[in-house]
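Next up is a structure, given as structure tokens.
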Amino acid sequence: MTKLYGKQVAAEKLDGWVYLPGALYTRIETGDFATGLALVNAIAEVAAQMDHHPDLTLRYPAVDIRLTSHDLGGVTARDVRLARAISSVASALSRRLSVAEVSRFEWALDSPDFHGVRPFWKALLAMEEGENDLLDPAGLNPTLWFQQSGREEPRQRWHPDIWLDPSQVQPRIDAAVAAGGTLVSDAEAPAFWVLADPEGNRVCLCTWQDRNNAS
């Protein structure tokens with residue numbers, strides 16, 4: 001079993017699912033808690049039959065679903081098969097999958113020596129090491145991503161990264177600009193776009209596209 005990345009997942013044409021780093025995500029609007037609970041129970045039955053289990057968040061109007069192969073720390077064919085099965089369950093209950101409001105939020109620390117500061121944040125937040133990041137073992141708190149920066153002052157240290165389905169990037173940019181922000185750079189698009197709020201605080205909108213691990 002090998003990991004799948006953005007291009008490979010896109011080739012599977014999973015309607016209503018988005019690949020964000022390490023997992024597949026969707027949101028299924030239910031409208032009420034009882035319908036959501038019925039959906040969760042139906043998904044649980046299918047997952048038990050396949051012996052592969054999703055992360056589910058049941059709320060009053062929707063169920064959020066995250067699929068990953070925990071033993072490999074990423075998406076595999078098992079997740080693709082379970083995604084198709086969940087889509088069938090939702091269809092049988094007349095529920096629709098959507099990625100329009102699905103995103104993954106992480107904090108990025110720009111540092112000239114992130115290897116020196118990462119142990120501090122790992123200890124403080126009781127997190128586990130990934131490749132260039134720190135992960136919450138429970139999967140509840142945002143990931144911390146570390147990237148190289150220069151030493152020149154003044155410099156930005158922290159910025160948020162927002163991972164989205166590629167189809168949702170332009171609507172988010174349009175909304176942010178209409179709300180007073182600016183598009184600082186699209187030089188690295190479609191991997192990421194840099195925006196800033198009216199005070200100059202920066203944020204990156206990120207997708208799986210044009211990345212080394214997305215082939």
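Picking from A123, A108, which residue would you name as being within 18 Å of the chain's Cα centre (by Cα) and over 30 Å from D15 (Cβ atoms)?
Step by step, each of A123, A108 is checked, and only A108 is within 18 Å of the chain's Cα centre (by Cα) and over 30 Å from D15 (Cβ atoms).
Also, I was wondering about something else. Would you check which residues across the range 107-124 are touching a strand residue (DSSP E or B) at 6+ places or on another chain (Cβ under 7 Å) and open to solvent by 30 Å² or more (accessible area, probe 1.4 Å) and list them?
Within the range 107-124, W107, V117, W121, K122 meet the criteria.
Check whether at least one residue in the range 45-57 is surrounded by fewer than 21 Cβ atoms within 10 Å (Cβ to Cβ), in a helix (DSSP H, G or I), among the polar types (S, T, N, Q) and out of contact with any helix residue (DSSP H, G or I) (no Cβ under 9 Å at 6 or more places or on another chain), and report yes or no.
Checked against the condition, which is being surrounded by fewer than 21 Cβ atoms within 10 Å (Cβ to Cβ), in a helix (DSSP H, G or I), among the polar types (S, T, N, Q) and out of contact with any helix residue (DSSP H, G or I) (no Cβ under 9 Å at 6 or more places or on another chain), the range 45-57 yields no hits at all.
Checking G200 against (1) over 28 Å from V18 (Cα atoms); (2) without any contact (Cβ under 8 Å) to a residue 24 or more places away in the chain; (3) in contact with a strand residue (DSSP E or B) (Cβ under 6 Å, 6 or more places away or on another chain): exactly one of these is not met. Which one?
Every listed condition holds for G200 apart from (3).
Of the residues that sit in the range 22-36 and are over 24 Å from the mean Cα position of the chain (by Cα) and part of a helix (DSSP H, G or I), which one is nearest to L93 (Cα to Cα)? First the steps, then the outcome.
Going residue by residue through the range 22-36, those that are over 24 Å from the mean Cα position of the chain (by Cα) are 32-35.
Checking the rest, the ones that are also part of a helix (DSSP H, G or I) come to 33-35.
Numbers: F33: 14, A34: 12, T35: 9 Å.
That would be T35.
Let me ask something else about it. Among the residues of the range 32-43, write down those that are open to solvent by 50 Å² or more (accessible area, probe 1.4 Å) and touching a strand residue (DSSP E or B) at 6+ places or on another chain (Cβ under 9 Å).
F33, L37, listed by residue number.
Let me ask another. Looking only at residues that are touching a Phe, Trp or Tyr at 6+ places or on another chain (Cβ under 6 Å) and either modelled with pLDDT under 95 or part of a loop (DSSP other than H, G, I, E, B) (or both) in the range 179-215, which one is farthest from R27 (Cα to Cα)?
So in the range 179-215, the residues touching a Phe, Trp or Tyr at 6+ places or on another chain (Cβ under 6 Å) come out as 186, 204-206, 208, 213-214.
Among the residues that remain, those that are also either modelled with pLDDT under 95 or part of a loop (DSSP other than H, G, I, E, B) (or both) are: 186, 208, 213-214.
On the way: D186: 28, W208: 19, N213: 25, A214: 23 Å.
Per the stated criteria, the residue is D186.
Hey, another quick one. Tell me yes or no: at least one residue of the range 165-178 is assigned to a loop (DSSP other than H, G, I, E, B), more than 21 Å from W17 (Cα to Cα) and open to solvent by 40 Å² or more (accessible area, probe 1.4 Å).
Step one: list which residues in the range 165-178 are assigned to a loop (DSSP other than H, G, I, E, B), which gives 165.
From what's left, more than 21 Å from W17 (Cα to Cα): none.
Among the residues of the range 165-178, not one is assigned to a loop (DSSP other than H, G, I, E, B), more than 21 Å from W17 (Cα to Cα) and open to solvent by 40 Å² or more (accessible area, probe 1.4 Å), which makes the answer no.
Say we look at the range 66-105 and pick out the residues that are in a strand (DSSP E or B) and under 19 Å from K3 (Cβ atoms); which of these is most open to solvent (accessible area, probe 1.4 Å)?
If we filter the range 66-105 for residues that are in a strand (DSSP E or B), which is where we start, we get 66-67, 69, 74-75, 97-98, 104-105.
Narrowing further to those that are under 19 Å from K3 (Cβ atoms): 66-67, 69, 74-75, 104.
Working: R66: 77, L67: 2, S69: 0, G74: 3, V75: 1, R104: 35 Å².
Here the answer is R66.
Sticking with this one: Pairs needed: first member in the range 129-158, more than 20 Å from F105 (Cβ to Cβ) and of a type in the set (G, A, S); second member anywhere, open to solvent by less than 80 Å² (accessible area, probe 1.4 Å) and modelled with pLDDT under 90; C-beta distance under 7 Å; at least 6 residues apart or different chains.
S149/R155
Are any residues in the range 125-153 open to solvent by 100 Å² or more (accessible area, probe 1.4 Å) and aliphatic (A, V, I, L, M), and if so, which ones?
L140
The values are calculated or read from the model by the stated rules, or taken from the named source; none is laboratory data. Fair warning: this is a prediction, and the values are worked out from it, not measured in the lab. Counting neighbours? That spans all protein chains shown, and the Cβs are built from the backbone with ideal geometry, glycine included. Surface areas here come from the heavy atoms of the whole protein model, side chains and all, with no ligands, DNA or RNA. Shrake-Rupley method; radii C 1.70, N 1.55, O 1.52, S 1.80 Å.
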